[in-house]
Each structure stands twice: as structure tokens, then as C-alpha cells.
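Trainee: A single structure is presented below for examination.
The values are calculated or read from the model by the stated rules, or taken from the named source; none is laboratory data. None of these values were measured; they are calculated from a predicted model. Because the Cβ atoms are built from the backbone with ideal geometry, glycine has one as well, and the counts that use them run over all protein chains shown.
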């Protein structure tokens, strides 16, 4: 066990955990940031997606010791009040069924739009296909990403 | 309108002035046919009282809180139920707050997410709850204005008196309304007057879902709670010996305990517990047959050829019909075991205390969880409380309480609050699968291509009756025999979304396509002719509505341009037809397939459903689309195989679920009628597999008779 100091959603948080503990479980068990979900533990489903310096990463296979000074953004830090264009689009299109995979979907989409504000249909598909949705909300996910890409302020991202 | 005095308590609608002077209205579903009456709780508490089921409250600010009693598993019930109440109440939907109710069968009667049964069960009850409250609000306003209530109307949370141009909000009227005697039979709206039902309403939990708020069982944390993961035996094994020395010495580990062949590691965090579980040294020993997929394939053949089967339905004289047949069509269809794979793995919180048990988590049947807990511990069920969390999917897996009972066992053994968490591997290898089946069909055609004889035998592994003997084409064929044989296996099975019909429909609707082909008839026309025959000259009992079935077939065919639709190249598009009646709803689907680079590609699915009145367009549209994606995804890719009792696929790297880049376009249509609504969580799934397989046949001439399609030679050999 060792102390790790992490920059999460603009705050410095510390956890006393084993060095190989995946960021996912530090977020959930140590920091109570449960919006980041466990689905498979092997980076196959995308439910655990967070941003590491703005890039979408699978937190279930990311050891806490590898984070260092990287800035971590979770769904809770994507916006203060759910007003990120991707979150807004998700609500407007009414994407969620059970909702479990959706924070991972939103984080993946937000990272895509940050890098590529006007993605083509193929680019949206290529990126979003990495995230499983067991309910089958894929059509609406596609539609919501497109809608978010048409929002006037796609650069209105996280607090940092 | 008749009103009742405050007499018989158990039939009452419960009216209580809520804290702060609001109106609380509970209502009894159990006896909702009986006349309700009122209790005025002048003490100003919001105690719901005993024997009441659902209730709504209105506070002085006009905020209407509606409790949703049924478990939310992604079927949208937490949005749909309140819509129905709010419609009859004429509430302002923007002022409705929905809360999940805990398990309370004395109040809520049926708290189950399963069988697509919630809406049909509660439709009238929910309407009555809303209409009753609306009546009382109108009476209160009329009294205050001193006008006849017949001159008053309601709209979006206000009572209006048009003649004097006055209006009052529901919040302003709540306290006075609480004192109006409860009507025995408040008038329900005409369906044509619905304003909210049938519109597009968003999931009420969207704000929490999109911001990552704790909603799910896995998100539940409690001060002092311990975490547990369990090593369970494979199928046919039992625990021989355990060496937990290394695991117990690992950081954060509190204890390692065993119960009924399970080894539970208990500790202070999920990751520590998972690592310690991996460090367990366990020896298992054989306790039953160790079955492999190759055994199942042999068993299927034995069962299909067996002289002994349970006869499920017998009409006419099948032997003679086949003897006289001009043509006989014979085919076999097979489907594998499937895990449910809800994205939120099994988990549950339990705290076994001296005075009772607290349970919190995702379950489709909280009452079963409570009763099994009470039985295990030898305590009264009312000593067990169950809080329902939103579920990250269920698909039938959470209709079992095994994972709840584990949490109870571990909490009892370590005397602490515990959350048991299954890993994905535990989930996928842990059983309760969709059963595996193989069907043998035989059809006898006369010289004119009429189906004069039909035989179906279902052979299954832990499915019980793998047929639904009264489903179409039963009733349309004079000579029919349906029977089944089942093998009892150590591999555990359970209900999987649209149980039995999720594979049976694929087999039946593909076979009907084969028979139509053999008869030289159009598949849609062939089905319509059979239905017409069933109507004119029914054979045996008919347990489906022939006109609704014909109606949905016709609607789907019309929307898809069946048999006429051409592609950009001017050629007819290869379409495949399928229709199924299950869980009280009628659904027809048409798949469209093109061959690209030597592979059949599903481009589009048309789905038409008759589920009566559509409660929420947004929820219903997505429910159908999700069912189609689920149905085609599993038909194409899903497969769990076994080697000596051990599941060979353990996680999503080995088990393929459909992904975003594999979905077809899906066009959804609903029949518009005023029939009482039926569920949608399941009925749109069963027809999907055959719509795809039949379209693939049309496009390639290859008939897919086994799932998963991508593993079949017929699929691979398309060129």
C-alpha cells in the first residue's frame, strides 16, 4: 500500500491503495465517484471510460501508479451541472434505457468531440463502437453524438 | 357519482395531509376493483398507513410526487407508470417528481420486472389513482368558488372555471381536496382525450444518469460496509479443500468464509478482495456429470429420436395427414446457451442484524429476495427490508435471488454489512443461462400447397417445456402434434428475456418460411392464408387474436414495401418476414439483407407492433429498437460452450455482443388503437432472429438453422 495523490476533476485527492489498483476502483471505492462504472475489467466494454489529460481512457486497466500528475476527469467533472453539450444531447435524444453504460458512452463521445468537433458518421461509428450498450441504445447514441457536434459551443468541456 | 364514508379501511384510498399540508393519496391495487374511500389524516403526518399500494402526493407548491413501485431495469417503467397517473390527474408533467418505492407488497402488490406484465397489470389501477385525485381537486375548487363542479375543468395542474375566468393550482387546492370524500368510481378519460399518454416523454432518471449520480446497486456504499467476491464451483463440481492462508494475509482482507461449496473473500475494497480471491488455493471434486457442448449435441439427437416425449398439443390425425401428403418438409433448428450479461454485474448489499435484515440492490423480484432471505434465516419476511436500486440491465438474470442470498450468507458469517460483487467472469461463467434447445419440425403439404399436417418436437436442456404449443400456427392446421423432451443438467438455466419464445420464434418463423417456399407461396401471403383458415375453420383452441395478427402482418408488409421494394440498382431488395405473438403483444418484422464482399449484411429492419395504446412514444420506440438489436445480436453472435462443466467464454474478449457499427437501420411502427396496453420489454425480440435468417435466405439461398449465425457454415460460405 502507498499514498497516491491524484488530480481528479480539478481537485487533489489522495488514496492509500496498492500500486496496481485500477483507477476505476480508486474512483469508486476511495473517492465515491461512482459514475464511472465497472462492466468487464478488461477494457472491452467502455463503461469505465474517463479522461486522462483530455483523452478517453479505460480506467479499469489503468493502475493508479501510472497516473502521476495526469489530470483525470470523470463523468462527475465533465460539467458542474450536466450542461456539457454531450450530456445535453444525451438528455434531448433520450438515449438511456437502463443507463449503466451511458457515463462511459458520454465520456467517450466528449473526448471525440474535443479532438474532432465535427466528426463524420464513420468517425462517430468508429469511436463509439468501442463502448457496449447491452440495452441496444446505439441508434440514439449515434444521434446524440451528432446533435452534440452541432451544438454551438462544443468546447464547453470540463472545468479545467 | 357515488361516494363512500370512511368505513372499510382496507379498501380505502389513503388521503393524508402530508407534512407541510400536502395531499397524499395512496391507492390499493390489490382491491382496486372495490370502491375506494378516504381517510383524512388530520395529524399532518405523511404516514402511508397499512394495506395501501401506490400513492401520489401534492404539496402546496403544486409539486406532485409519484412513487414508482416496480423495479426499473431499463424497460422504462419508472417513466411509464407516472405518465399514466399524471394523464388522468391532468398534472403538469414538469412538476411531477418520481421516486422509487421500496418493497412493500402490502401496499404495492406486484413489484416485479418480468413477463412484460407491469403495464397490463397496472393500467386501470394507475388511471384510477390519477382520476380519483383529479375528481377531489375539482370538487375542492368548486366548493371554494361555490359553483357546480360540472362547470369546472382541469388542465396541466390547475382547475379552471371558464364562466368566471378563475383558476386554482393543484397545490393551492391540495389541503381542501384532502377533505373531499373519495369517489367510488371517478370517471376515467376517453382515450381520444389523452394529452400526455402517447407523447414523447424522456426517461425521468436522465438528469442523474448523464451526471453519473449513484443510482445502481453497485453504486451503493454504506459506512463500515465490507466487500466480498466469491469463488463458486463449475457445474458438476463441489468443494474438496481450501487453503486461504495466502489470501487471508493480503492487505485489506478481513476473512475468508465458506458456505455451500462457495468460498467468499471479505475485505475492505473491491480490488483487494478480487486479488485475494485470485490467490485462493482451491481443490474441487466431481459431484455430478461434467457436461460438454459435444454431450449436448448428442443428447439433442437422442431426445429428438426418443419415443418418449410429453405431448403438449394434439389436433386431428397427424399420421394420416403425413401419409396423404403430396410433399413433406422437415428441418431442425438449434440455439445455444446464452448468458444474460447485464452490463452491471450481479451484486447485492445485505446487513444481517439481530433484529432483522436490510437488503439493498438490483433485483427484478424483490419479494422473492425477501422471502428467500426469510426462509434461509428462519425469520418472518417482515423482518427483511428491501430497497430497490435502478438496475444496469437484467434480461431475466435478476429474476433469481441466488446472488441476494449469497450476500445474506456472507453478512451473517462475518457479522457485518456486506456487498457481494460478481466479476464479469463470475457473471458469464456462473450459470442461470438461457437454455439450449434443438427443434425438429415436420410439415405436410397437399397438392395445392396447403399445410395439412404439422409436427414440432422440442428437445432442450433445462428448459422444461421448450414449446409454446398454442402459438401460431396452432389453430390453423387441422392435424398437429407438439411435444417436448427435456434433459436435466447441472448447468443452471433461468428465464432470459422473452423466455422460450426468444429462440422458439426464430425456429418456428424460419420453418414457416421454408414451408411457404416448398408450397411455392409468398411467405406473407402464406401466413395470411393460414390465419384466414384459422378464422374460418379453427382447429382446436386458438389463443391469439387472429385479426390483430393479420393486422400486424399487413402493416409491416405495407411499411416495408414487401415484395416490391427495389434498391438503387433497380433490383428487388432481399426481404425476410417474421411475426410473433408473445407476452400479449403482436409484432411483425421484416429484415433486409444485401451481400457485400461475400458476406450477408443486414441493412434494415422494419418492426410493427400492436401493443394497444402506446404509453410513451420515446420509451416504446427505443424498447422496440433495443429488442431488435438484442434479438439480432444474440442470433448473430451469442454462444456459450462448455468443456467438462466449465464455461469456455468468460468475458467480452471471448464472448461477442453486438456493437454500434453492427446495427441495421430500424424503423418502428405501432398500430394505433384503443386497446388496453400490453408490455413491450420482450415481444419485439422473438421475431428478430427469423426476420434476419429469412432475409439471408432470400439474399443468398442459404438457410441458417442454428445460432449463432456467424459460426455456421451456411453463413461463412456465402460468396
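Trainee: Looking at (1) surrounded by fewer than 24 Cβ atoms within 10 Å (Cβ to Cβ); (2) within 14 Å of chain A (Cβ to nearest Cβ); (3) under 17 Å from the mean Cα position of the chain (by Cα), find the lone condition where residue B:584 falls short.
Mentor: (2)
Trainee: Could you list, in sequence order, all residues of region B:376-401 that are outside any loop (DSSP other than H, G, I, E, B), in contact with a helix residue (DSSP H, G or I) (Cβ under 7 Å, 6 or more places away or on another chain) and within 23 Å of residue A:47 (Cβ to Cβ)?
Mentor: Scanning region B:376-401 gives a single hit, B:388.
Trainee: Does region B:638-645 contain at least one residue that is touching a residue at least 24 places away in the same chain (Cβ under 8 Å) and closer than 22 Å to residue B:582 by Cβ?
Mentor: Yes, because at least one residue in region B:638-645 is touching a residue at least 24 places away in the same chain (Cβ under 8 Å) and closer than 22 Å to residue B:582 by Cβ.
Trainee: Continuing with this model, one more query. Applying the selection to region B:541-560, what residues are touching a strand residue (DSSP E or B) at 6+ places or on another chain (Cβ under 6 Å) and over 19 Å from residue B:624 (Cβ atoms)?
Mentor: Result: B:544, single match.
Trainee: Residues that are buried (at least 19 other Cβ atoms within 10 Å of the Cβ), over 20 Å from the mean Cα position of the chain (by Cα) and within 14 Å of chain A (Cβ to nearest Cβ): does region B:338-354 have at least one?
Mentor: yes
Trainee: Would you check if there is a residue in region B:520-529 being more than 24 Å from the chain's Cα centre (by Cα), surrounded by fewer than 18 Cβ atoms within 10 Å (Cβ to Cβ) and without any contact (Cβ under 8 Å) to a residue 24 or more places away in the chain?
Mentor: Within region B:520-529 (the criterion being more than 24 Å from the chain's Cα centre (by Cα), surrounded by fewer than 18 Cβ atoms within 10 Å (Cβ to Cβ) and without any contact (Cβ under 8 Å) to a residue 24 or more places away in the chain), the answer is yes, since at least one residue qualifies.
Rundown of residues vs (1) within 14 Å of the chain's Cα centre (by Cα); (2) more than 11 Å from residue A:144 (Cα to Cα); (3) modelled with pLDDT of 95 or more, yes/no style:
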| residue | (1), (2), (3) |
| --- | --- |
| A:71 | yes, yes, yes |
| A:94 | no, no, yes |
| A:102 | yes, yes, yes |
| A:108 | yes, yes, yes |
| A:112 | yes, yes, yes |
| A:121 | no, yes, yes |
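Trainee: Take the residues of region B:338-375 that are in a helix (DSSP H, G or I) and in contact with a helix residue (DSSP H, G or I) (Cβ under 6 Å, 6 or more places away or on another chain): which is nearest to residue A:101 (Cα to Cα)?
Mentor: Only one residue tops the list, namely B:369.
Trainee: I would also like to ask the following. How about region A:19-28: which of its residues are surrounded by 21 or more Cβ atoms within 10 Å (Cβ to Cβ) and touching a strand residue (DSSP E or B) at 6+ places or on another chain (Cβ under 9 Å)?
Mentor: The answer is A:21, A:22, A:23, A:24, A:25, A:26, A:27.
Trainee: Looking at the structure I just gave you, is residue B:714 assigned to a loop (DSSP other than H, G, I, E, B) and either in contact (Cβ under 8 Å) with a residue 24 or more places away in the chain or surrounded by fewer than 20 Cβ atoms within 10 Å (Cβ to Cβ) (or both)?
Mentor: On the way: assigned to a loop (DSSP other than H, G, I, E, B): no; either in contact (Cβ under 8 Å) with a residue 24 or more places away in the chain or surrounded by fewer than 20 Cβ atoms within 10 Å (Cβ to Cβ) (or both): yes.
No, not satisfied.
Trainee: Right, another one. Only one of (1) surrounded by fewer than 24 Cβ atoms within 10 Å (Cβ to Cβ); (2) assigned by TED's automatic domain parsing to the domain that holds residue B:355; (3) over 20 Å from the mean Cα position of the chain (by Cα) is not met by residue B:445, so which one is it?
Mentor: (2)
Trainee: Turning to a different aspect of this structure: For residues that are touching a residue at least 24 places away in the same chain (Cβ under 8 Å), assigned to a strand (DSSP E or B) and more than 15 Å from the chain's Cα centre (by Cα), scanning just region A:3-21, find the one that is nearest to the other protein chains (Cβ to nearest Cβ).
Mentor: Here the residue is A:17.
Trainee: So which helices (runs of 4 or more DSSP H) are wholly in region A:36-121 and hold at least 1 residues that are surrounded by fewer than 24 Cβ atoms within 10 Å (Cβ to Cβ) and within 8 Å of another protein chain (Cβ to nearest Cβ)?
Mentor: A:75-78, A:85-93
Trainee: How many of the residues in region B:642-679 are within 14 Å of chain A (Cβ to nearest Cβ) and under 27 Å from residue B:75 (Cβ atoms)?
Mentor: Result for region B:642-679: 17.
Trainee: Give all pairs with beta carbons closer than 7 Å in which a residue from region A:47-70 that is on the phi > 0 side of the Ramachandran plot and outside the structural domain of residue A:116 (by TED's automatic domain parsing) meets a residue that is buried (at least 16 other Cβ atoms within 10 Å of the Cβ) and in a loop (DSSP other than H, G, I, E, B); count only pairs at least 6 apart in sequence or on separate chains.
Mentor: A:53/A:70
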